[in-house]
Amino acid sequence: MSVVRLRILVFDDAEELDFVGPWEVFGMVRHIVPEDRVVTIAHSHEPIRAAKGMRVIPDHSFADAPALDVLLVPGGIGTRREVEDAELIDWLRKTGAQCRWVTSVCTGSLLLHEAGFAKGRRVTTHWGFVATLCERGAEVLENVRYVRDGNLVTAAGVSAGIDMALWLVGQIHGVAVARQVQRAMEYDPAPPYTAEV
C-alpha cells in the first residue's frame, strides 16, 4: 500500500472545516496506514487564527516544509488577502509542481488559479464565489461537489472537502480503505437535512 504525505496550507481567516475536514479523513487513514503523515504549513511557525476563531500552530513554515505528495489549499475570506501575497503564491507554484495531487476546498481554488494550476483546467468553488473566479478567467463547474482535472482536484464549499478527501483516499489507497474511513467517521451525508421530516 502506498504512503501519502499530505500538507495543508493554513493562513489567517482560512475556513476551519475546509482544512479540518480533510485532516480528519487523512488522519483516520493513519489507523490503517500508520506511515501516512498530515502536516500544516504556513508562512511561519506563528499561530494563525482561522475564520471562526480557531487558533492553529503550524507544523512547518515555508522555509522548513518537507517534500510531500498532496497539497491542500483551504478557502475562506483570507484567500482574498492571500491572493496578493507573492511569496505565498510562489511557494504554492513551486511546491505544487512537485506534488502528485494539488487540491483545494472552497475559495482555495482562487489561490491555485493565481499560482497557475487552473490554467486550461476545470475547477469548482463555493457557489457564492463562482462568478468572481470566472471573472478571473477560470473555467468553473457549478453544482458539483468536486472536480478532478488531471492531478488538480478542487472541491466546492466547506463540507465538500470531506467528499474530495475520501475520493482522494480511494485513489491513493483503494476504495476499500476509503470506505473504512467513511464508516469510521460515521460520514453519511444523505439525506443532507432531515429536521423537518
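The values are calculated or read from the model by the stated rules, or taken from the named source; none is laboratory data. Remember, predicted model here, so these are calculated numbers, not experimental data. All Cβ positions, even for glycine, are placed from backbone atoms using ideal geometry, and neighbour counts span all protein chains on display. For the accessible areas, the whole protein counts, side chains as well, though only heavy atoms, and no ligand, DNA or RNA atoms are used. Shrake-Rupley method; radii C 1.70, N 1.55, O 1.52, S 1.80 Å.
Using a probe of 1.4 Å on the protein chains alone, the accessible area found for Arg136 is around 100 Å².
Positive contributions from Lys and Arg (+1) and negative ones from Asp and Glu (-1), summed over other residues with Cβ under 11 Å from the Cβ of Leu17, come out at -3. Each Lys and Arg contributes +1 and each Asp and Glu -1, all at the Cβ; summed about the Cα centre of the range 1-75, the dipole is approximately 120 debye. Accessible surface of His60, taken over heavy atoms with a 1.4 Å probe and every protein chain present, rounds to 40 Å².
For the chain, a simple Cβ point-charge model (Lys and Arg +1, Asp and Glu -1, everything else neutral) yields a dipole of about 480 debye relative to the Cα centre. One chain, two ends: Arg145 and Ile57. Fully extended at 0.36 nm per residue, the span grows by 28.8 nm beyond their Cα-Cα distance.
Amide H to amide H, with H built 1.01 Å from N, Arg5 comes under 5 Å of Arg37, Asp69, Val70, counting only residues 5 or more places away or on other chains.
With +1 on each Lys and Arg Cβ and -1 on each Asp and Glu Cβ, and nothing else charged, work out how big the dipole of the range 65-142 is about its Cα centre, in Debye to the nearest 20.
Charge dipole of the range 65-142: 220 debye, to the nearest 20.
All other residues whose Cβ lies under 9 angstrom from that of Asp36 are scored, Lys and Arg at +1 and Asp and Glu at -1, for a net of +2.
When Tyr187, Tyr146 are compared by accessible area of protein heavy atoms, the largest-first order is Tyr146, Tyr187, using a 1.4 Å probe. Put the Cα centre of the range 1-59 next to the Cα centre of the range 88-106 and the gap is 14 Å. Report which label in (1) 58, 38, 25; (2) 41, 40, 34; (3) 62, 36, 36 holds the value of Cα extents along the principal axes in Å derived from the coordinates of this structure. Answer label, from the structure shown: (2). Averaged per residue, the chain has 49 square angstrom of accessible surface, using a 1.4 angstrom probe with ligands and nucleic acids left out.
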